[in-house]
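Asker: Structure incoming, see below.
The values are calculated or read from the model by the stated rules, or taken from the named source; none is laboratory data. The structure presented is a predicted model; accordingly, all values stated were derived computationally and were not measured. With ideal geometry, Cβ positions are generated from the backbone for all residues, glycine too; neighbour counts draw on all protein chains shown. All accessible areas refer to the heavy atoms of the entire protein, side chains included, with ligands and DNA or RNA removed. Shrake-Rupley method; radii C 1.70, N 1.55, O 1.52, S 1.80 Å.
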Amino acid sequence: MHKTVLLLGATGKIGTHAAEAFWNSGWRIRRFDRTIDRLPEAAMGCDVIVNGFNPPAYQNWAQNIPRITDEVIEAATQSGATIIVPGNVYNYGTTQGEWSEKTVQNPCTRKGQIRKDMEQTYREAANRGVQTIILRGGDFIDPNQDATLMAMVVMKDLKKGKITTLGDPDVVRAYCYLPDWASAAVALAEKRSELSMFEDVPFCNVHFSSRQLLNALEAQLNHPLKLQAFPWWLMRIASPFWGLAYEMLEMRYLFETDHRLSGAKLRTLLPDYRSTDLQTILAAEIPADAFSRETKFQGHSTSTQTNL
């Protein structure tokens, strides 16, 4: 019997990769179109709802996130579907070190508090019988190079022999390779009957500092690179009239907070799951014309998770 997943935000980063992963695993894909569909009706007959809705550029999060959360919970309540939510790391504030599902959530920003409140709403819905899985990842890495911080800022000047660091170059940060997130979401969806009504699952994918990234890229490109600092001063100047600059400044602390996500719970729930190795992840991010003429990278994958 075919299983059906409803994708919210189906053309976004999460939705695009989730569609491919679920389809490849034999699921029927239903894409939600807000212009013609009502969410509760669209969810009927679905086994899983992947909530890929994300207001662009943090637009009006304080109103939009609670509204979206309530709509998704109502749809799951009526349909009986399990909800999968891409969690992030905003909840933890400036606590340094390894973050797990047991780490105290102490957000230090408006957006962090909004996300913490959102997850609490899902917890309360779980007590009423709505199963929710928070699959929590770090900064997105997208092989489609589609409007991620990695593509638009960190590696924007790679062809010029530079990468950009947004903070201390030796601070380690958590990253999330989106095809891996999607495949883990499918694996959790397929064993949802064995899971608790609310699961907070840190997605330990890859973590590295800007300097470690530079070293890894130099090894692949076979030529030296330089680190350049992100112009935060420009964000400060632009913030009064450019909303995204203001929102980025609020999250600047994350680039000075050494952190990684624990992989313990994911290994317990999915003992056979393996992430893509870092060489392959970076190969997908490097523009072809960034390689020297003498160097031609041969991407490969291994069966072991690689964390720098």
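Asker: Please give the Cα centre distance for region 226-246 versus region 91-142, rounded to the nearest Å.
Answerer: After rounding, the separation between the Cα centres reads 27 Å.
Asker: Roll a 1.4 Å probe over the protein chains and send me the accessible area per residue for the chain in Å². Could the numbers behind the result be given before it?
Answerer: Working: 14370 Å² over 308 residues.
On a per-residue basis, the chain sits at 47 Å².
Asker: What is the spin-label model distance, in nm, from Ala245 to Met44 if the labels are put 7 Å beyond Cα along the C-beta direction?
Answerer: Roughly 5.0 nm, to one decimal.
Asker: Provide the descending list of Cα extents for the chain along its principal axes, expressed in whole angstroms.
Answerer: 56, 45, 39
Asker: Along the charge dipole of the chain, pointing to its positive end and built from +1/-1 on Cβ of Lys, Arg, Asp and Glu, which listed residue (Ser193, Tyr253, Tyr92) has its Cα farthest out?
Answerer: Sorting the options by dipole projection puts first Tyr253.
Asker: Where does each of Lys160, Lys13 land when they are ordered by accessible area, with a 1.4 Å probe and the largest first? Each step should come with its number before you reach the end.
Answerer: Numbers: Lys160 150, Lys13 55 Å².
Sorted by accessible area, descending: Lys160, Lys13.
Asker: Starting from the Cα-Cα distance between Asp70 and Arg128, subtract it from 0.36 nm times their residue separation and give me the gain in nm to one decimal.
Answerer: On the way: separation 58, 0.36 × 58 = 20.88 nm, distance 1.34 nm.
Roughly 19.5 nm would be gained on extension.
Asker: First check a/c for region 1-132, with a ≥ b ≥ c the square roots of the eigenvalues of its C-alpha gyration tensor; if it is under 1.5, answer rounded, and if not, answer prolate when a/b is larger than b/c or oblate otherwise. Write down the numbers at each step before the final one.
Answerer: On the way: a/c = 1.69, a/b = 1.65, b/c = 1.02.
Here region 1-132 falls in the prolate category.
Asker: Over region 29-99, what percent of the accessible surface lies on carbon and sulfur atoms, probe 1.4 Å?
Answerer: Values: 1500 of 3270 Å².
Here it works out to 46 percent.
Asker: Another one. Just the C-alpha atoms of region 59-144: what Rg/Rh do they give, with Rh taken as the Kirkwood radius?
Answerer: Values: Rg = 13.7 Å, Rh = 13.9 Å.
Rounded to two decimals, Rg over Rh is 0.99.
Asker: Give me the dipole magnitude in Debye, nearest 20, for region 155-278 about the Cα centre, with unit charges on the beta carbon: positive for Lys and Arg, negative for Asp and Glu.
Answerer: Values: 15 positive and 15 negative charges, 86 e Å.
Result for region 155-278 is approximately 420 debye, rounded to the nearest 20.
Asker: Counting only protein heavy atoms and a 1.4 Å probe, tell me what percentage of region 163-293's accessible area is made up of carbon and sulfur. Show your work: numbers first, answer last.
Answerer: Working: 2970 of 5530 Å².
With neighbouring chains kept in place, the figure for region 163-293 is 54 percent.
Asker: Trp233 to Asp168: FRET efficiency via 1/(1 + (r/R0)^6), r the Cβ-Cβ distance, R0 30 Å, to the nearest 0.05?
Answerer: Numbers: r = 17 Å, r/R0 = 0.56.
It comes out at approximately 0.95.
Asker: Using all Cα-Cα distances in region 172-219, what percent lands in each 5 angstrom bin from 0 up to the longest?
Answerer: Binned Cα distances yield the sequence 5, 17, 20, 19, 14, 10, 7, 6, 3, 0.
Asker: Another one. Helix 178-190 sits at what angle to the longest principal axis of the chain, using alpha carbons and giving 0 to 90 degrees rounded to 10?
Answerer: Long axis of 178-190 versus the principal axis of the chain: about 30 degrees.
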